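Let me begin by handing over the structure; questions about it come next.
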Amino acid sequence: MKKHYPWLWFDADNTLFDYNKAETTALMKSLQLFGLPFDGTSTDAYRKINQDLWEALERQEIKPEVLRVRRFELFLESIGSTGPAEKLSDTYIKQLGLCFDLIDGAFEVLNAFHGKSRIFIVTNGLTGVQRSRLELSPVKQFINEIVISEEIGAAKPHAAFFDVAFARAGNPSKSEILMIGDSLTSDMRGGVDYGIDTCWFNPSGESKPDDLPVTYEIRKLRDLFEIIER
């Protein structure tokens, strides 16, 4: 049976926004502006470095201000360049903030639930990226609140992050909240541990660990219409 959730908490990257496309575009433009080479291997190399550092951030091993520069220090080392990592980082963040391509179905879903549920974006992201692209995005009108890890000093999956989102929602019953996201380690683990229902957006059909009892699993965002009562 469908359930009505007064609070829908969406992850941003690769849940609402097409982060993979944005990442490639922003990296290409940034490297070109610095006269650095960009080819088919550049994105793969950067993506691996970036993912490893974000996972370290989730484990509370590094801070966002370290991550934003360190990833470019490591990337420049990998391509044998001594370019300015901090300036490249600043340029990349500005370029990424201009990329607001949506995941298929995101506008339709947010439009449908707007006014029937309160919609939050809850993201382990950088302020300069998340607020810029939301401001430019056609879905801005549907979002009631955005909670950004860099701003609050805590990241998913840790309870401190969810405590802030929960407080901004006015401390509702946890049964009224649904967490929707693509990441098992941050979105699903965080939601399960916090005691709220979870919906794993899994477009590629990856396997789920047996010890992670997510409430729902979907392949397309439009599948939410089969789960959530409007």
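Suppose we keep only residues that are among the aliphatic types (A, V, I, L, M) and assigned to a strand (DSSP E or B) within segment 179-230. Which one would you say is nearest to D13 (Cα to Cα)? Full working, then the answer.
To start, the set of residues in segment 179-230 that are among the aliphatic types (A, V, I, L, M) comprises 179-180, 184, 188, 192, 196, 212, 214, 218, 221, 224, 227-228.
Checking the rest, the ones that are also assigned to a strand (DSSP E or B) come to 179-180, 218, 228.
Working: M179: 14, I180: 11, I218: 16, I228: 22 Å.
The qualifying residue nearest to D13 (Cα to Cα) is I180.
A further question follows. Answer yes if at least one residue in segment 30-37 is farther than 18 Å from E86 by Cα and in contact with a Ser or Thr (Cβ under 7 Å, 6 or more places away or on another chain), and no otherwise.
No, there is no match, as no residue in segment 30-37 is farther than 18 Å from E86 by Cα and in contact with a Ser or Thr (Cβ under 7 Å, 6 or more places away or on another chain).
Identify, by number, the condition in (1) charged (D, E, K, R); (2) crowded, with 17+ Cβ neighbours inside 10 Å; (3) closer than 22 Å to N14 by Cα; (4) free of Cβ contacts under 8 Å to residues at least 60 places away in the same chain that E58 doesn't meet.
Only one criterion in (1) charged (D, E, K, R); (2) crowded, with 17+ Cβ neighbours inside 10 Å; (3) closer than 22 Å to N14 by Cα; (4) free of Cβ contacts under 8 Å to residues at least 60 places away in the same chain is unmet by E58, namely (4).
Could you please let me know if G181 is surrounded by 21 or more Cβ atoms within 10 Å (Cβ to Cβ), modelled with pLDDT of 95 or more and in contact with a helix residue (DSSP H, G or I) (Cβ under 9 Å, 6 or more places away or on another chain)?
Details: surrounded by 21 or more Cβ atoms within 10 Å (Cβ to Cβ): yes; modelled with pLDDT of 95 or more: yes; in contact with a helix residue (DSSP H, G or I) (Cβ under 9 Å, 6 or more places away or on another chain): yes.
Yes: the conditions hold for G181.
Now, a different point. Kindly indicate which of S149, S173 is buried (at least 21 other Cβ atoms within 10 Å of the Cβ) and either polar (S, T, N, Q) or farther than 18 Å from G105 by Cα (or both).
Values: S173 fails: buried (at least 21 other Cβ atoms within 10 Å of the Cβ).
Step by step, each of S149, S173 is checked, and only S149 is buried (at least 21 other Cβ atoms within 10 Å of the Cβ) and either polar (S, T, N, Q) or farther than 18 Å from G105 by Cα (or both).
Quick check: anything in segment 102-116 among the aliphatic types (A, V, I, L, M), assigned to a helix (DSSP H, G or I) and surrounded by fewer than 18 Cβ atoms within 10 Å (Cβ to Cβ)?
The initial filter retains those residues of segment 102-116 that are among the aliphatic types (A, V, I, L, M), namely 102-103, 106, 109-110, 112.
Within this subset, residues satisfying the condition of being assigned to a helix (DSSP H, G or I) are 106, 109-110, 112.
Cutting the leftovers down to surrounded by fewer than 18 Cβ atoms within 10 Å (Cβ to Cβ) gives us 112.
Yes, segment 102-116 contains at least one residue that is among the aliphatic types (A, V, I, L, M), assigned to a helix (DSSP H, G or I) and surrounded by fewer than 18 Cβ atoms within 10 Å (Cβ to Cβ).
Of all the residues that make up segment 32-55, how many are hydrophobic (A, V, I, L, M, F, W, C), without any contact (Cβ under 8 Å) to a residue 60 or more places away in the chain and closer than 17 Å to K156 by Cα?
Kept after step one, since they are hydrophobic (A, V, I, L, M, F, W, C), are these residues of segment 32-55: 33-34, 36, 38, 45, 49, 53-54.
So of that shortlist, the ones also without any contact (Cβ under 8 Å) to a residue 60 or more places away in the chain come out as 33-34, 36, 38, 45, 49, 53.
With the extra rule that they be closer than 17 Å to K156 by Cα, the set shrinks to 53.
The qualifying residues number 1.
I'd like the residue in segment 34-47 that is in a helix (DSSP H, G or I) and exposed (fewer than 14 other Cβ atoms within 10 Å of the Cβ) and, out of all such residues, is modelled with the highest pLDDT. Lay out the reasoning, then the answer.
The first filter runs over segment 34-47 and keeps only residues in a helix (DSSP H, G or I), leaving 40-47.
If we keep only those that are exposed (fewer than 14 other Cβ atoms within 10 Å of the Cβ) too, we end up with 40-41, 44.
Numbers: G40: 77, T41: 88, D44: 91.
Checking each candidate, the answer is D44.
Pull up segment 136-170, narrow it to residues that are of a type outside the set (S, T, N, Q), assigned to a loop (DSSP other than H, G, I, E, B) and free of Cβ contacts under 8 Å to residues at least 40 places away in the same chain, then point me to the one that is farthest from L212 (Cα to Cα).
Residues of segment 136-170 that are of a type outside the set (S, T, N, Q), as a first pass: 136, 138-140, 142-143, 145-148, 150-170.
So of that shortlist, the ones also assigned to a loop (DSSP other than H, G, I, E, B) come out as 138-139, 143, 153-158, 169-170.
From the residues that got through so far, the ones that are free of Cβ contacts under 8 Å to residues at least 40 places away in the same chain too are 138, 143, 153-154, 170.
Details: P138: 34, I143: 28, G153: 26, A154: 22, G170: 27 Å.
Once the filter is applied, the top-ranked residue is P138.
The values are calculated or read from the model by the stated rules, or taken from the named source; none is laboratory data. Given the structure is predicted, the values throughout are model-derived calculations rather than measurements. Every residue, glycine as well, gets a Cβ built from its backbone with ideal geometry; the counts of neighbours run over all protein chains shown.
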